[in-house]
Amino acid sequence: MIRDGTFTDQWQANAQLAWDTIALKPTTGIPCWMLNIMEWSVLERLAGAQPGDYERDPERVYLDCQLRCGVGYIDQWIPRNPLSMQAHGYENPGTKTATQGTEQVVVDGRRIDSPEAVVAHLE
């Protein structure tokens, strides 16, 4: 925001949406913090992009998706992360997990593979 209370640049509409929501003014849309969408087709649809655009230009499509969805703050810029997952998640789920694609998580020499393993580690 600049000194006169107006917003500038490509984020103007989303910043104004958040500001108006805080001020309890009538708005169209819901301001949000950020979106980490992993499905390529959903990123493309929300960004107003064509099928295949995400794979060709992930940064642009990811940013366009954030802007068009009312995002006002991005603290984790991961436009290429869904590329490592392919279009429909990890192609070989037997060797990858939802924990950042690693084969196994080991903390302090203890394998963390269940909620119970987390509890045992914490204890």
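The values are calculated or read from the model by the stated rules, or taken from the named source; none is laboratory data. Bear in mind the structure is a predicted one, so any value in this text is a computation, not a measurement. Quick note on the areas: whole protein, heavy atoms, side chains included, nothing else; ligands and nucleic acids left out. Shrake-Rupley method; radii C 1.70, N 1.55, O 1.52, S 1.80 Å.
Name the long-range amide H neighbours of V105: under 5 Å, sequence gap of 5 or more, or other chain; modelled H, no Pro or chain starts.
Amide H neighbours of V105, under 5 Å, 5+ apart: I112.
When only the heavy atoms of the protein chains count and the probe is 1.4 Å, how do R80, R68, R110 rank by accessible area, highest first?
Result of the area sort, largest leading: R68, R80, R110.
Quick one: what are the phi-derived ³J(HN,Hα) couplings along the stretch 66-82, Karplus 6.51/-1.76/1.60 with θ = phi - 60°, whole Hz, x for glycine and proline?
Whole-Hz 3J(HN,Hα) from phi for the stretch 66-82: 4, 5, 6, 8, x, 5, x, 7, 10, 10, 9, 8, 10, x, 8, 4, x.
Tell me which residues come under 5 Å, amide H to amide H, from V71 once H is placed; ignore anything under 5 positions away on its chain.
C32
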